[in-house]
Every structure is written in C-alpha cells, then in structure tokens.
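*Asks:* Below is one structure. I have some questions about it.
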Amino acid sequence: MTKQKAFLDTTVLVDILLKPNGRGIPAKEALKTFTETELPVYAIKEFKAGALGYFVWMYNKLTSTNSFVSSLAALQSISVTPQRHRTSTALEALKESAEELKKITNEKLAEKYGQKASADVSLADNFRESLKYRIYKAWKSRRKITTKVTQPLNCYPEKEPYEKRGLLKLDPTKCKPERECCLGQELRNNRDKLSILQATIRDLPGKTENTRRHVILKEIARKPKQAITEEYCRGLGDAYFALFCPEDSVILTTNISDHKPLAEALGKEAETPLQRIEI
Ligand SMILES: [Zn+2]
C-alpha cells in the first residue's frame, strides 16, 4: 500500500526553498499527496551548510566585487576545483534571479542607476538584491513547508542568516556539542542498524562521501564508548535519513540512487517527488 506519510530529505527541501520555478514545482505537488509530511531538523542543518551556503557565496561575490563579470569569473574558477559541486547550485541561484530580471526594462534600470551606469554594475546590484531576498525568504519558509518539523537537534542552534560589513553570514552551520553530538545515545542504541547500513554502503559505488560514511558508521558501531563528534554527525548524511525515518513514512528525495539502497536495507522505502506524482 502506498504510504501516507513523508519524511523529507535535504534535496527536496532545497528544491522547494531555492528552486521555486524549477524542481520545486513537482516537489510541492508531491507533498500534497501525503496526509502528513515531516521535516527533520537534520535536513535544515544540511540545507544551511550546503545549498543555502552556495547562494550566500554568490551573493557575497557580487557584493565584494560589485561586478557581474568578476562574479562569473569567480564562479568559473571554482568549477575546476574540488568545490565544483557548488557551481551548479550557484548557477541555479543566478538563473532564478535572471527570471525576475526579465521583468525589468532598460528604462527602469536607467532610472535607478542613471543613464551612464555600466551594465556590469547594475547587473551585479540587481542579482545581489534578488539573491538576498530569496535567501531570507527561503530561511523564513523552512519550517512552513511540511506539516511538522521533527527530531530537534539540541546541539544545533538554528540561527537566522545575518549581515556583517555588507556580507551575509550563515554561522553556525555545524552542531556545537559540549561533550558529544545530541544524536550520540540514539546512534549507540541502533548499533545493529548502523552495521547493516555500513555493509550496504561498502557495496555501493565508491564515492568519496560514501568512503567517509562507511568509516564513520563502522567506528560508531564498533566503539560504543567513543563520543560522537560534530564531524561524525555531519558525516552521517544520507544514512541519517534511512536510520531516523519513521517506520510508517517514506523518504522523499531526488537522490534516489543513494537513498534507496540504504532505506531498503532497513526495510524502509524511498521515493522521488516525480515517482510520487506519477502514481
Ligand atoms: Zn550533531
């Protein structure tokens, strides 16, 4: 039987909050097919440390360079570094803002910036304004898209983005455990499940994050006396959702290839918004 409760992972949260004109549309449609939708705070934490951070990075580039061309150059230069996964999200940020720019006429730009302003400066300013609006809007909406926000993380302060010398800041993006992460006891109580996830990840195609996750799960499962650090908490990633998804819920994710094997190993289900709508 099709499940009536959804447990959102970070990818769906990102689509709804940051891509309202793109993949956010099917994601929202999918949510409507459930009677209950749950968002764990862990997804908010990942959202802030990841996608929202790339939007902020783009905003800060536009601010510090005050040039659209230089900001694109900065974007291009990270596309060849290990941070290249940021590129597509930052491009998405520009694309969504460009959609809004379509509505602005040259006349309006001249009114605002003067006839002699360079297009480079006015473009930078327009993109910056639009990004700032969307960053704050996304943050303010994060707890409103599901029927419930669940699984609070006591060691993670959910602080609003703030401005410092014209730049946007997102800290803290990590949990700040005194002795260990608040998930510690719960993880130790589920050592058998962690071992199952560990074995599943071992057999998945070797991605860097999977290798790290494998080590973390193995350590937690085998060394029950060791404190769970912030690094372990962060490294759980997809495994968090498989482990903590309630039995009567389905994990809703766009990253089905990573989530499905983990969910199924624990007798749970994962589904994409598109699969859900097609039913
Ligand atoms: Zn933590």
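The values are calculated or read from the model by the stated rules, or taken from the named source; none is laboratory data. Predicted, not measured: the structure shown is a model, and the values here were computed from it. Ideal geometry is used to build each Cβ from the backbone, glycine not excepted, and the neighbour counts take in all protein chains shown. Only protein heavy atoms, including side chains, enter the accessible area calculation; ligands, DNA and RNA are left aside. Shrake-Rupley method; radii C 1.70, N 1.55, O 1.52, S 1.80 Å.
*Asks:* Charges at C-beta only: +1 for Lys and Arg, -1 for Asp and Glu. How large is the resulting dipole of the range 1-136 about its Cα centre, in Debye rounded to 20? Walk me through the numbers on the way to the answer.
*Replies:* On the way: 20 positive and 15 negative charges, 17 e Å.
That gives the range 1-136 a dipole magnitude of about 80 debye.
*Asks:* Which residues' amide hydrogens lie under 5 Å from the amide hydrogen of Phe7, considering only partners 5 or more residues apart or on another chain, with H built in the peptide plane?
*Replies:* Answer set, sorted by chain and number: Glu38, Val250, Ile251, Leu252.
*Asks:* Filter the cross-link list Lys207/Lys268; Lys102/Lys132; Lys137/Lys159; Lys207/Lys260; Lys48/Lys137; Lys48/Lys174 down to pairs whose alpha-carbon distance in this structure exceeds 20 Å.
*Replies:* On the way: Lys207/Lys268 23 Å; Lys102/Lys132 18 Å; Lys137/Lys159 14 Å; Lys207/Lys260 16 Å; Lys48/Lys137 13 Å; Lys48/Lys174 9 Å.
With Cα atoms farther than 20 Å apart: Lys207/Lys268.
*Asks:* Hey, what's the Kirkwood Rh for the range 1-111 if you take every pair of different alpha carbons, in angstrom? Please report the intermediate quantities before stating the final value.
*Replies:* On the way: mean 1/r = 0.0626 Å⁻¹.
The answer is 16.0 Å.
*Asks:* At most 16 other Cβ atoms within 10 Å and a DSSP loop assignment: could you name the GluC sites (Glu not before Pro) in the range 165-199 that fit? Show your work: numbers first, answer last.
*Replies:* Working: sites: Glu178, Glu180, Glu186; in loops: Glu178, Glu180.
Taking the range 165-199 and a limit of 16 other Cβ atoms within 10 Å, the loop GluC sites (Glu not before Pro) found are Glu178.
*Asks:* What percent of all Cα-Cα pairs in the range 1-46 falls into each 10 Å bin, going from 0 up to the bin containing the maximum distance?
*Replies:* Reading upward from the zero bin: 28, 54, 17, 1.
*Asks:* Let me ask something else. Restrict the search to the range 51-124; then list the trypsin sites (Lys or Arg not before Pro) that DSSP places in a loop and that have at most 14 other Cβ atoms within 10 Å of their Cβ. Walk me through the intermediate numbers first.
*Replies:* Working: sites: Lys61, Arg84, Arg86, Lys95, Lys102, Lys103, Lys108, Lys112, Lys116; in loops: Lys102, Lys103, Lys116.
Qualifying residues, ordered by number: Lys102, Lys103, Lys116.
*Asks:* Tell me, what ³J(HN,Hα) does each residue in the range 18-28 have, in order and in whole Hz, if you take phi through Karplus 6.51 cos²θ - 1.76 cosθ + 1.60 with θ = phi - 60° and put x for Gly and Pro?
*Replies:* Whole-Hz 3J(HN,Hα) from phi for the range 18-28: 10, 10, x, 9, x, 5, x, 5, x, 5, 5.
*Asks:* Rounding to the nearest 10 and keeping the result within 0 to 90°, find how far the Cα-based axis of helix 85-101 lies from the longest principal axis of the chain.
*Replies:* Relative to the chain, helix 85-101 is tipped by roughly 40 degrees.
*Asks:* Now for a separate question. Please report the carbon-and-sulfur percent of the accessible area for the chain; probe 1.4 Å, protein heavy atoms only, DNA, RNA and ligands left out. Present the calculation step by step, with values, prior to reporting the outcome.
*Replies:* Details: 7330 of 14120 Å².
Its accessible area is 52 percent carbon and sulfur atoms.
*Asks:* Which whole-percent values make up P(r) of the range 106-177 when all C-alpha to C-alpha distances are grouped in 5 Å steps starting at zero?
*Replies:* Final binned percentages: 3, 12, 16, 17, 14, 12, 9, 7, 5, 4, 1.
*Asks:* Using alpha carbons only, how many degrees (0 to 90, rounded to 10) separate the axis of helix 68-78 from the longest principal axis of the chain?
*Replies:* Compared with the principal axis, the helix lies near 30 degrees.
*Asks:* For the chain, what is the mean residue ellipticity at 222 nm derived from helices alone (per DSSP H run of n ≥ 4: -39500 (n - 2.57); sum divided by total residues; nearest 500 deg cm²/dmol)? The partial results should precede the final answer.
*Replies:* Numbers: 15 runs with 164 residues, N = 279.
So the calculated ellipticity at 222 nm is -18000 deg cm²/dmol.
*Asks:* Provide the packing ranking of 124-132, 163-171, i.e. peptides ordered by the mean count of other C-beta atoms within 10 Å per residue, highest first. Mind showing how you got there, number by number?
*Replies:* Numbers: 124-132: 20.0, 163-171: 12.4.
Sorting 124-132, 163-171 by mean packing, highest first, produces 124-132, 163-171.
*Asks:* Moving on to the next point. Which ³J(HN,Hα) values in Hz, rounded to whole numbers, follow from the phi angles of the range 255-267 under the Karplus curve 6.51 cos²θ - 1.76 cosθ + 1.60, where θ = phi - 60° and Gly and Pro get x?
*Replies:* 8, 5, 5, 7, 7, 4, x, 5, 4, 5, 4, 9, x
*Asks:* Same structure, new question: Would you mind checking the tilt of helix 119-141 against the longest principal axis of the Cα atoms of the chain, expressed as 0 to 90 degrees and rounded to 10?
*Replies:* Result, in degrees: 30.
*Asks:* Calculate the translational D of the range 157-279 in whole µm² s⁻¹ from Stokes-Einstein, where the hydrodynamic radius comes from the Kirkwood formula applied to all Cα pairs, the temperature is 20 °C and the viscosity 1.002 mPa s.
*Replies:* 134 µm²/s
*Asks:* If you don't mind, another one. Please compute P(r) over all alpha-carbon pairs of the range 219-279, binned at 5 Å starting from zero, and give each bin as a whole-number percent.
*Replies:* That works out to 4, 17, 23, 20, 16, 11, 5, 3, 2, 0, in percent per bin.
*Asks:* So, one more: Given all pairs of different Cα atoms, what value in angstroms does the Kirkwood hydrodynamic radius of the chain take?
*Replies:* Details: mean 1/r = 0.0493 Å⁻¹.
20.3 Å is the Kirkwood radius here.
*Asks:* Using alpha-carbon positions, what is the distance between the centroids of the range 255-279 and the range 1-38, in Å?
*Replies:* With the range 255-279 and the range 1-38 each reduced to a Cα centre, they are spaced 13 Å.
*Asks:* Round to the nearest 10 and report in Å² the accessible area of Cys182, as given by a 1.4 Å probe over the protein chains' heavy atoms.
*Replies:* The value for Cys182 is about 50 Å².
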